[in-house]
Amino acid sequence: MGWQPSTRSPIESARVALTTCLAALAVAGAPPIAAQDSEVPPSLEDLIPDSAVENPDEWARQGTDDAVGPGVDTVPDLDAETPIAELPEMSVAWPENVELEPLQPLEPEDDIEFAQLLEDAPQVAFDEAEIEQLSDTLVLGFPQQEPPFSQRGDFVDRFEALSTVEELNDGDENVAQLAARAREDEELLTNLLRVYGYYDGEIVRTIATRDAGEDTADQRPRVRFDVIPGARYTYGAIDLGQLDTAVDAASLRDSFNIQVGDYLQSDTIMAERFNLDRALGESGYAFAEIDEPELLIDHERVEGDLTMPVRPNGKYVFGQVVSSDEAFLSSRHLERIARFESGDIYRRSLEFDLRRAVTATGLVSAVGVEAREIRPPQGDEPGVVAMDVTMERAKLRTIAGAIGYGSEEGIRVQASWEHRNLFPPEGALRLRGILGTREQLAGITFRKNNFGGRDKVLTVDAYASSIDTVAYDARTVALTGTYERTSTLIFQKPLAWGIGAEVLATDERNRIVDGVERPRQTYFVGALFGRATLDTSDSLLDPTRGFRVTGFLAPETSRTQGVQYYYLRNRVDAAYYQTVGNRTVIAARAAFASIQGAELVGIAPSRRLYAGGGGSVRGYGYQAIGPKNDFMEATGGRSLVEASIEARIGTGLLDGAVSVVPFFDLGSVSTSTTPDFGEIKMGAGLGVRYTTGFGPIRLDVGFPLNPEPEDSAVGVYISLGQAF
């Protein structure tokens, strides 16, 4: 800034000069000027001589030199550009013998109100607002009547789930915590309004007073938010990039169910983006791309323009499936287990399904499936993609063993060795053996998975066994072949079936009682059999809804003591599951079985019908229900009926893993081909279930309600999975 002429009067200039002089004296350490008479203080005019008025600058310079005194250096001119090298020393005497009065504690004031709880928060509430009280400390008000807030219910639920003030509803909150969290909730409410398309909404944060009649001793404040959503914005322009270049542009656009004029909601944008992506993937667009959506809000139009670039990148059909390890799982085998044929329209879900199918073989530790372009689309003709399957081999040999004890089975040791791909692809060989108090077995099994189609299994099993149960003693050699379509934990199917054949020779007799042996009888048996299961349940091991119906039919022939017998074995099992409330499942089961066409003596004891045990009527021993001979041995029968009902009640213990299960069972076995309801045995009890990642562990304790003298007073059953 340049220099400007002074406009001060001479008197004012003199005052300024005097001030400058006194400042210079202070800096130089000059002795203080003697005080004037306190009774008559001099005026400013008395202190300023006439020479100071006539030439103030000269007078100020002379006065400073005179004030410094002899022997003292004059105060140097101060240069604004040069810093002071040394500051003059100053010393101030510290007052002695000064006593301060002790601080007195402040008494709390009982009548303090929380009017200033939240800084900068307006202390105004809307009298005619509709109120939603979420807790003792949190209230929402909705004063806006027009236009109505149509999403209010869902809005309140989402806010309540995310509110930080709501988390303090335990009586332990303090004012500071409540204030901080209330500010966070105000921002949360603003963001939620925008989620629903209210971009001009207002949130009024207040401290609500207690209503009349409430406990006045409760001094906790109540935070209130009045929500004024304002007008709801709608969609303006919608730009989906290159979607209109797709062959199926019209149907694909229909899958993105957002139109111009619809109300804005960010949740809907994300949901419809997913729907469009799925539609592209299921309609042949193997390499489609969708960018993140962008929304441009125009407050003047009360609209938002949506831009979401879509690049379909051409339509394709499936070509060949190519394996990265032909000697292990060949391309031909992978094509067999895929749920698509060459030339079918590409579907992303079928690509994922192929990956799951390869994983389900149990032969790989890692698998990847990727579409590779073989021929690009040309005009309206789709392109072709090959499905490249890459895999890493898993360990294929397994050795397993188990040792157990049961009150009915005694000691039991079993072991097995298996190679799951000894005969590629998916040809397994398994050797197994059992050594126990009542059972000994040696067997060999060949199993071919995915044989002739997806989830179809060929099994050939040969074994020799000796088994001593409650009802019979049998020494058996058998050969069984089965071809079936299985339902697995990964792929539970609504329809599973199996057909097979069996030939066996068995030497059997009833149990030895008091050392008295029964005569043995040899049976040569040949059988064909078939079974089918309809399953609408939601789980194989732990169903909560749906039903299952299984039918079994086996025409058989038996030759014993020179006589040929022909008969038909059949059985029907049905189960129903229904969830009641949030934690209870009601499960019911019924079974009927019969053997038609032969007398009981012509049927080997091991192939007759029995009831009792953990999978039948709990509270009774295995095979303990049914006709008995003079030695009170179970002889088996030709008809069976069973029924069970139980309630699987969740307790909430261990994060909901524990359930208690009261149950009631009944069953009857008859020597005739029709059930005998006059000899029904009933059992009841209580069980516990512990849910794990692979299914529930079951512990049931059952009591016979109408036992025979030889029946035990209680039965205990432990297994994996539900009873039915």
- Message: Restricting to the stretch 341-369, and then to whatever is of a type in the set (Asp, Glu) and surrounded by 13 or more Cβ atoms within 10 Å (Cβ to Cβ), can you tell me which residue is modelled with the lowest pLDDT?
- Response: ASP353
- Among the residues of the stretch 506-526 satisfying the criterion of being surrounded by 13 or more Cβ atoms within 10 Å (Cβ to Cβ) and of a type in the set (A, V, I, L, M), which is modelled with the highest pLDDT? VAL525
- Query: What are the residues in the stretch 242-261 that are of a type in the set (Val, Ile, Thr) and surrounded by 14 or more Cβ atoms within 10 Å (Cβ to Cβ), if any?
  - Reply: VAL247, ILE258
- Query: Out of the stretch 370-403, which residues are surrounded by 12 or more Cβ atoms within 10 Å (Cβ to Cβ) and closer than 30 Å to ILE434 by Cα?
  - Reply: ALA394, LEU396, THR398
- Note on the structure: Only one of VAL460, VAL470 is in contact (Cβ under 8 Å) with a residue 12 or more places away in the chain and either part of a loop (DSSP other than H, G, I, E, B) or among the aromatic types (Phe, Trp, Tyr) (or both), namely VAL470
- Message: For the stretch 162-178, give me each residue that is at pLDDT 70 or above, surrounded by 19 or more Cβ atoms within 10 Å (Cβ to Cβ) and in a helix (DSSP H, G or I).
- Response: LEU178
- Sort through VAL457, VAL413 and tell me the only one that's buried (at least 16 other Cβ atoms within 10 Å of the Cβ) and of a type in the set (Val, Ile, Thr). VAL457
- Item | Qualifying positions in the stretch 333-374 - closer than 18 Å to GLY281 by Cα and among the basic types (Lys, Arg) | ARG339, ARG347, ARG348, ARG355, ARG356, ARG372
- Message: What's the number of the only condition in (1) modelled with pLDDT under 90; (2) more than 17 Å from VAL470 (Cα to Cα); (3) buried (at least 21 other Cβ atoms within 10 Å of the Cβ); (4) not acidic (Asp, Glu) that GLY715 fails to meet?
- Response: (2)
- Query: Inside the stretch 473-488, can you point out the residues that are assigned to a strand (DSSP E or B) and within 30 Å of GLY362 (Cα to Cα)?
  - Reply: ALA478, LEU479, THR480, GLY481, THR482, TYR483, GLU484, ARG485
- Does the stretch 308-319 include one or more residues that are among the small types (Gly, Ala, Ser), under 30 Å from SER342 (Cβ atoms) and touching a helix residue (DSSP H, G or I) at 6+ places or on another chain (Cβ under 6 Å)? no
- Task: Would you be able to tell me the number of residues in the stretch 320-336 that are of a type in the set (Lys, Arg) and farther than 18 Å from ALA428 by Cβ?
- Result: 1
- Could you say which residue among GLY687, GLY683, GLY667 is closer than 22 Å to ALA574 by Cα, touching a Ser or Thr at 6+ places or on another chain (Cβ under 8 Å) and part of a strand (DSSP E or B)? GLY667
- Task: Just need a number here: residues in the stretch 245-267 that are more than 31 Å from the chain's Cα centre (by Cα) and either over 30 Å from TYR199 (Cα atoms) or of a type in the set (Gly, Ala, Ser) (or both).
- Result: 8
- Single match in ALA647, ALA657, ALA611 (criterion: at pLDDT 95 or above and farther than 14 Å from TYR472 by Cβ): ALA647
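The rows are residues; the columns are (1) at pLDDT 90 or above; (2) surrounded by 15 or more Cβ atoms within 10 Å (Cβ to Cβ).
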residue	(1), (2)
GLU642	yes, yes
LEU653	no, no
ASP676	no, yes
PRO709	no, no
- Task: Considering every residue within the stretch 438-446, establish whether at least one is outside the structural domain of ALA554 (by TED's automatic domain parsing), crowded, with 18+ Cβ neighbours inside 10 Å and not β-branched (Val, Ile, Thr).
- Result: no
- Note on the structure: ARG509 meets each of (1) in a strand (DSSP E or B); (2) of a type in the set (Lys, Arg); (3) closer than 30 Å to LEU354 by Cα with one exception, condition (3)
- Note on the structure: The condition from (1) part of a loop (DSSP other than H, G, I, E, B); (2) β-branched (Val, Ile, Thr); (3) within 34 Å of the chain's Cα centre (by Cα) that ILE586 misses is numbered (1)
- Message: Restricting to the stretch 291-328, name every residue that is touching a Phe, Trp or Tyr at 6+ places or on another chain (Cβ under 8 Å), closer than 30 Å to ASP344 by Cβ and not polar (S, T, N, Q).
- Response: PRO312, GLY314, LYS315, TYR316, VAL317, PHE318
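The values are calculated or read from the model by the stated rules, or taken from the named source; none is laboratory data. Everything numeric in this text was worked out from a predicted model, so none of it was measured. Here the Cβ is made from the backbone with ideal geometry for all residues, glycine too, and neighbour counts use every protein chain on show.
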